[in-house]
Amino acid sequence: MPAPDDLPEGAAGAGAGQPPLRWLDEVTAVVLAPNPSPMTLEGTNTYLMGQRGRGDVVLIDPGPDLVAHRAALDASLRWMDATVSAVVLTHHHADHAEAAGWADDWGAVLHAFTPDLVPAKARPLPDGATVGAGGVTLEAVHTPGHASDHLCLKARDTGVVLTGDHVLGRGTTVVAWPDGDMREYMASLERLGGLSASALYPGHGPALHDPAGVIAEYLAHRREREQQVLDAVAAVGGTPGEIVARVYADVDPVLYPAAERSVRAHLRKLVIEGRVRARGDTYSI
Ligand SMILES: [Zn+2]
């Protein structure tokens with residue numbers, strides 16, 4: 001399949017008088033939310049999926065509760081001449097789920113893996129369950145690690161997988177203690193690899209057209225970091241802060257708090273696997 005998202009802006013529907021959506025394939029359009037940041041890259045991707053002319057779509061990750069984003073989505077829906085019949089959240093973080101209440105405005109059913117974590121009334125969407133709308137069927141794939149309630153969504157007809165924050169369009173995702181779990185994260189990456197996706201559509205950043213290569217890179221990056229943490233524990237041991245100072249010696253200390261949450265996620269994995277010992281908050285081999 002070609003990579004239509006590589007077309008210049010405007011070639012795929014963002015020209016004068018057009019709504020700010022871009023088509024990624026024959027059944028998938030994306031609307032970028034205006035919430036750029038170091039954590040969200042250019043902003044959150046809200047996906048609209050449905051066969052053209054069917055009159056309804058499933059919307060994935062409404063994103064932040066911003067007036068401009070809502071206007072962009074409503075304009076896109078008018079342009080598609082479609083209503084939203086289902087909204088699915090990949091996970092509960094605010095940049096994906098803050099606007100979950102819009103599902104009610106649209107008369108749509110809201111789906112989430114853990115309804116209690118999201119800010120609107122949702123139906124549980126367990127692993128393996130499906131949501132259908134607009135002639136598209138999405139299958140929920142529970143992929144904890146970045147967040148305990150994280151879902152990837154596989155489009156059965158196209159083989160595309162929407163990856164939320166499990167895999168991003170650029171760089172690596174945050175797996176931060178205590179909500180993030182590195183052991184689960186790496187197992188979820190392997191599970192994603194087993195889906196044989198035709199493409200990955202992330203919650204932030206551009207679509208990825210070499211899923212196997214990207215997943216292999218992600219796994220290699222985490223294994224390399226894990227080895228660095230193990231080496232630091234063996235060399236100096238001590239508290240997570242002491243381990244961070246060694247592993248991240250060439251990094252601006254302003255980033256140490258974030259690095260410590262990541263190191264703690266690695267340490268928890270290593271302790272569970274019996275490769276590192278913990279006494280209180282001090283770690284040794
Ligand atoms: Zn997130």
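Just so you know, all these numbers are worked out from the coordinates, no wet-lab data involved. Keep in mind the model is a prediction, meaning the values are calculated, not measured. Positions of Cβ are backbone-derived with ideal geometry, glycine not excepted, and every protein chain shown enters the neighbour counts.
Suppose the Debye formula is applied to equal point scatterers at every Cα of the range 61-198; what is log10 I(q)/I(0) at q = 0.11, 0.22 Å⁻¹?
Rounded to two decimals, the profile gives -0.39, -1.46.
Once both axes come from the Cα atoms, what is the angle between helix 182-193 and the longest principal axis of the chain, in degrees from 0 to 90, rounded to 10?
Relative to the chain, helix 182-193 is tipped by roughly 40 degrees.
If r is the Cβ-Cβ distance from ALA249 to ALA68 and R0 is 41 Å, what FRET efficiency results, to the nearest 0.05?
0.45
Can you pull out the GluC sites (Glu not before Pro) in the range 242-280 that DSSP calls coil and that have at most 12 other Cβ atoms within 10 Å?
GLU273
Place the peptides 227-233, 143-149 in order of packing, highest mean first, counting for every residue the other Cβ atoms within 10 Å and averaging per peptide.
143-149, 227-233
Tell me, what are the semi-axes, in whole angstrom and largest first, of the equivalent ellipsoid of the chain as set by the roots of 5 times the Cα gyration tensor eigenvalues?
Taking √(5λ) for each eigenvalue gives 37, 18, 17 Å, largest first.
What is the helix-to-structure angle for 211-235, meaning the angle in degrees between its Cα long axis and the longest Cα principal axis of the chain, kept from 0 to 90 and rounded to the nearest 10?
Approximately 20 degrees, to the nearest 10.
Run the numbers for ARG223 and GLU42: contour at 0.36 nm per residue of separation, minus the present Cα-Cα distance, in nm.
Between ARG223 and GLU42, full extension yields an extra 62.4 nm.
For the range 162-255, which trypsin sites (Lys or Arg not before Pro) pass both filters: DSSP loop (anything but H, G, I, E, B) and at most 14 other C-beta atoms within 10 Å?
Answer in residue order: ARG170.
Roughly how many whole Å is it from the C-alpha centroid of the range 100-149 to that of the range 29-49?
One Cα centre to the other: 18 Å.
Provide, as a two-decimal number, the C-alpha radius of gyration of the range 112-167 over 2.2 N^0.38 Å, N being how many residues it has.
1.11
Treating the angle as unsigned and between 0 and 90°, give the value, to the nearest 10°, between the Cα long axis of helix 256-272 and the longest Cα principal axis of the chain.
70 degrees
How long is the gain from GLU242 to ASP157 if the chain were fully straight, where each residue apart is worth 0.36 nm and the alpha carbon distance is subtracted?
Fully extending the segment from GLU242 to ASP157 adds 25.7 nm.
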